[in-house]
Every structure is written in structure tokens, then in C-alpha cells.
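*Asks:* Can you read through this structure? Questions will come right after.
The values are calculated or read from the model by the stated rules, or taken from the named source; none is laboratory data. Because the structure is a prediction, the values reported are computed rather than measured. Cβ coordinates were reconstructed from backbone atoms using ideal geometry, including for glycine residues, and neighbour counts include every protein chain displayed.
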């Protein structure tokens, strides 16, 4: 049973380019969460999605960032026109459902470096 | 406001038990206590969770006080690979999505030879 898969593990982008981060949840999980971790800082929630729906995007920057979780395929976190301040580790987590007493499982993250 | 408070850091000798405290004095009846850890540069790893009874698994034991206002994570025989930041989180699974959680600063545990 594969865990949460994120790719790429490392991504380098020049300022102004677009970054696309992918997350495949664990099998049977329909809830996906994206977190960002800036260097030397804690995990900060960004967005919570279910299939084809954004449930909570209160942690997403208002501009340049978007997320989706289509009916088929992985969840995508998209950052347009990246700036150096976007350099961070981006983690995805998945869980089977909101009202279940279960843990969320995290992927190994994508480390974005903007040069 | 953080729902939990943890010491900033602690050291532990290899082979000894590591006891990590967590205060959650405002915990409500439906909230569980979860522990995760993050080894440097890796994704957070689930350790254990519980409601009011003590819990044990292959990784650790969780001791929750009778009033549920605090808990202790016990790593029975710490190894160098247990060096990580440990996060104590409270969550009501009926109302709180994982997105509403505050991971806080956690406890930096350093296991020394």
C-alpha cells in the first residue's frame, strides 16, 4: 500500500516561472491537505480539498497560488510567477474522511527553490 | 492561540527512554491527542494518538492523565534515528479537518550517543 506520493521531490524554478507540485493521496483517501514549511519555520496550512472541491483555502496566498484535486489524477498545487519568497518545502497529506478518527499521512514533500 | 504547549527542546541518551510532555489544559471531551514527528527534511510521520486511555504501538506509548489536561509520549529505547521535532496536536475528528490544526513549534529532541 503506497503512501502519499509527491513529485517532484526537488524543483528549481527561475523567478517568474510557474511551479506545479503533484500529490497522489493514499489509496482510499479522498481528502487532501497542502502545507508549506519555510526554512527554519513550522508547518503552515494552505488548502484542504476533496475530489473536485476546495473545502478550505484560508491559508492560501490570495495571488499566484491555486490548487485542484480533479476527479481523476493527483492533486496539483500551482504557483504562478514564482518569487524567491516561495522557496520552501511543500507537504501534502491525505486522510480518508473528516469525521473518522484516523490519522493523516504525509508525503515526503517537494522542495521548491526559486533562483 | 495554541491548544498545546511543549518544551522547546530536550536531550536524551541513546538507549534510554525519552519522555516528552505536552500540556493541553483546554482540551474538550471530543478532542483526541495526536503525536507526529518530523525528522530533518522529511515529511511529518504519524506516531500515535489517543482519547483518554493509554495507548501503545510499535513506536511509542502515550500516557494521558485522568483529567486529560496533559499527556506524555514515551519512546522506550531512544535511538539516534529518533532525533526529530515532535509535535503534540489536539483534534476533534468530528469537526476539525487536518487543515485546522496548529502544529506549533514542537519539541526538538536530540538523541546523543
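*Asks:* Within chain A, considering only strands (runs of 3 or more DSSP E) that don't extend past its boundaries, which have at least 1 residues that are exposed (fewer than 13 other Cβ atoms within 10 Å of the Cβ) and over 12 Å from the mean Cα position of the chain (by Cα)?
*Replies:* In chain A, the matching strands (runs of 3 or more DSSP E) lie at A:10-13, A:53-56.
*Asks:* Let me ask something additional. Residue under question is residue B:6, and the condition is that it be facing chain A (nearest Cβ under 10 Å) and surrounded by 15 or more Cβ atoms within 10 Å (Cβ to Cβ); does it hold?
*Replies:* No; evaluated as a whole, the condition is false for this residue.
*Asks:* Which of the residues spanning region A:13-33 are under 22 Å from residue A:63 (Cβ atoms) and at pLDDT 95 or above?
*Replies:* A:13, A:14, A:15, A:16, A:17, A:18, A:19, A:20, A:21, A:22, A:23
*Asks:* Quick check, is residue A:72 modelled with pLDDT under 95, closer than 22 Å to residue B:103 by Cα and more than 9 Å from chain B (Cβ to nearest Cβ)?
*Replies:* no
*Asks:* Which residues, taken from region B:60-100, are outside any loop (DSSP other than H, G, I, E, B), touching a residue at least 12 places away in the same chain (Cβ under 8 Å) and within 14 Å of chain A (Cβ to nearest Cβ)?
*Replies:* B:62, B:84, B:85, B:86, B:87, B:88, B:89, B:90, B:91
*Asks:* Mind checking whether some residue in region B:40-49 is out of contact with any strand residue (DSSP E or B) (no Cβ under 8 Å at 6 or more places or on another chain) and within 12 Å of chain A (Cβ to nearest Cβ)?
*Replies:* Pass one, region B:40-49, residues out of contact with any strand residue (DSSP E or B) (no Cβ under 8 Å at 6 or more places or on another chain): B:42.
If we keep only those that are within 12 Å of chain A (Cβ to nearest Cβ) too, we end up with B:42.
Taking every residue of region B:40-49 in turn, at least one turns out to be out of contact with any strand residue (DSSP E or B) (no Cβ under 8 Å at 6 or more places or on another chain) and within 12 Å of chain A (Cβ to nearest Cβ).
*Asks:* Within region B:41-56, work out how many residues are surrounded by fewer than 21 Cβ atoms within 10 Å (Cβ to Cβ) and not in a strand (DSSP E or B).
*Replies:* 6
*Asks:* For the subset of region B:9-32 comprising residues that are buried (at least 18 other Cβ atoms within 10 Å of the Cβ) and in contact with a helix residue (DSSP H, G or I) (Cβ under 9 Å, 6 or more places away or on another chain), which member is modelled with the lowest pLDDT? Break it down stepwise before answering.
*Replies:* Residues of region B:9-32 that are buried (at least 18 other Cβ atoms within 10 Å of the Cβ), as a first pass: B:12, B:18, B:20, B:22, B:24, B:27, B:31-32.
Those still in the list that are in contact with a helix residue (DSSP H, G or I) (Cβ under 9 Å, 6 or more places away or on another chain) too: B:12, B:18.
Working: B:12: 94, B:18: 97.
Ranking the candidates gives B:12 first.
*Asks:* Further question: Scan region B:24-40 and tell me whether some residue there is under 12 Å from the mean Cα position of the chain (by Cα), over 23 Å from residue A:25 (Cα atoms) and not in a strand (DSSP E or B).
*Replies:* Yes, region B:24-40 contains a residue that is under 12 Å from the mean Cα position of the chain (by Cα), over 23 Å from residue A:25 (Cα atoms) and not in a strand (DSSP E or B).
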